[in-house]
Amino acid sequence: MAARPFFEAAEPHMGTLVGIKLYARNELQAKTAFRAAFDRIAQLDEMLSDYKPASELNRISRTALRRPVKVSDDLFRVLAAAQQLAEDTGGAFDVTVGPVVSLWREARKERHLPDPDLLDAALSHCSYRKLHLDKAAQTVTLDEEGMQLDVGGIAKGYAADAALDVLRRLGIRSALVAASGDLAFSDAPPGHRGWKVAIAASDSVLELTNAAVSTSGDSEQYVEANGKRYSHIIDPATGIALTNSTTVTVVAPRGIVADPLATAISVLGEHQGRKLAAKHAGVAVYIRGSSATVSSSKGRHPGRASSS
Ligand code: AMP
Ligand code: MG
């Protein structure tokens, strides 16, 4: 059988440029696959975006006040994974940080720090303990007014997984989906051991198959004040944006695991972050901070170091 040719395409979705690389039988199959995968990502963006007033996520933030509201499979899956990680991290990862995230977004735009009183008020509405999921009924309930859900720390990883699933159903076995810092890939390109991925938080290049790689850091989105650089990641314990300037890369079997873990480990710091990662099979973590880069992993490492 002749080797399948390579195709790539990119489209703007989820506030970033999403790229897809794949091997297909021919151009028609590739085009059909790109369309279906990008449409799936657009559909998820419509549901999960906190920027779009009509998104399912924002509708829930307005309507699920002290009463259970039924949500889609996708939103429930994302919130269930988020709540599990919130429990495991004592709230270092917390999708109820929306009100605080909004204030820091404004701060980045206007280039000044948020007002401390406003920050305190916003923080009082943030806690994963005020968000309740009912698995059997697939419903969401919020405890109080002023809450705002924000799945920005997990949605792109989930969308990358979902796009790969669509491609697989269309017969594309070898593909890579890249949504800014969140990547996911299926089988190796023909004739290769895996997809070559440069790890942002270290100098290594990995060759990976059927895995996801997510990087969290402040390289793009930050505000600078008093000689400090405040990242777009918030420590929910204080409401203050991170200033530790670390870059965390997580390799995991799926994007829905890698993406929120990278965000959570950024908040937890190296020591606790590595402990958290060690509890997940098939997860490797790379941390680049002011000190040296070290990696650790447990269970089946989803990739191998490349010789190149
Ligand atoms: P990421 O780029 O995946 O690390 O996600 C960062 C985004 O997640 C931010 O832009 C916020 O929308 C959201 N976020 C910020 N801090 C947290 C946190 N502690 N837990 C969960 N989501 C967060
Ligand atoms: Mg993340």
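The values are calculated or read from the model by the stated rules, or taken from the named source; none is laboratory data. All values reported here derive from a predicted model rather than from experimental measurement. Using ideal geometry, Cβ is built from the backbone for each residue, glycine included, and neighbour counts are taken over all protein chains shown. The accessibility values were calculated without ligands, DNA or RNA, using every heavy atom of the protein model including side chains. Shrake-Rupley method; radii C 1.70, N 1.55, O 1.52, S 1.80 Å.
Please go through the stretch 162-173 and give me each residue that is closer than 11 Å to Asn210 by Cβ and either surrounded by fewer than 21 Cβ atoms within 10 Å (Cβ to Cβ) or at pLDDT below 95 (or both), ordered by number.
First, the residues of the stretch 162-173 that are closer than 11 Å to Asn210 by Cβ: 164, 168, 173.
The answer is Arg168, Arg173.
What's the total number of residues in the stretch 192-217 that are of a type in the set (A, V, I, L, M, F, W, C), in contact with a Phe, Trp or Tyr (Cβ under 9 Å, 6 or more places away or on another chain) and farther than 25 Å from Asp235 by Cβ?
Of the residues in the stretch 192-217, 5 are of a type in the set (A, V, I, L, M, F, W, C), in contact with a Phe, Trp or Tyr (Cβ under 9 Å, 6 or more places away or on another chain) and farther than 25 Å from Asp235 by Cβ.
When you scan the stretch 100-122, how many residues do you find that are open to solvent by 40 Å² or more (accessible area, probe 1.4 Å) and on the phi < 0 side of the Ramachandran plot? First the steps, then the outcome.
Initially, the stretch 100-122 is screened for residues open to solvent by 40 Å² or more (accessible area, probe 1.4 Å), giving 102, 105-106, 108-113, 115-118, 120-121.
Narrowing the set further to residues that are on the phi < 0 side of the Ramachandran plot leaves 102, 105-106, 108-110, 112-113, 115-118, 120-121.
Counting residues in the stretch 100-122 that are open to solvent by 40 Å² or more (accessible area, probe 1.4 Å) and on the phi < 0 side of the Ramachandran plot gives 14.
Among the residues of the stretch 224-245, write down those that are open to solvent by 40 Å² or more (accessible area, probe 1.4 Å) and in a loop (DSSP other than H, G, I, E, B).
Scanning the stretch 224-245 gives Asn226, Gly227, His232, Ala237, Thr238, Thr243, Asn244, Ser245.
Among the residues of the stretch 96-112, which ones are of a type in the set (D, E, K, R) and in a helix (DSSP H, G or I)? Reasoning before the result, please.
Residues of the stretch 96-112 that are of a type in the set (D, E, K, R), as a first pass: 105-106, 108-111.
Residues satisfying the conditions are Arg105, Glu106, Arg108, Lys109, Glu110.
Could you tell me whether the stretch 246-261 includes any residue that is surrounded by 18 or more Cβ atoms within 10 Å (Cβ to Cβ), at pLDDT below 95 and over 21 Å from His232 (Cα atoms)?
no
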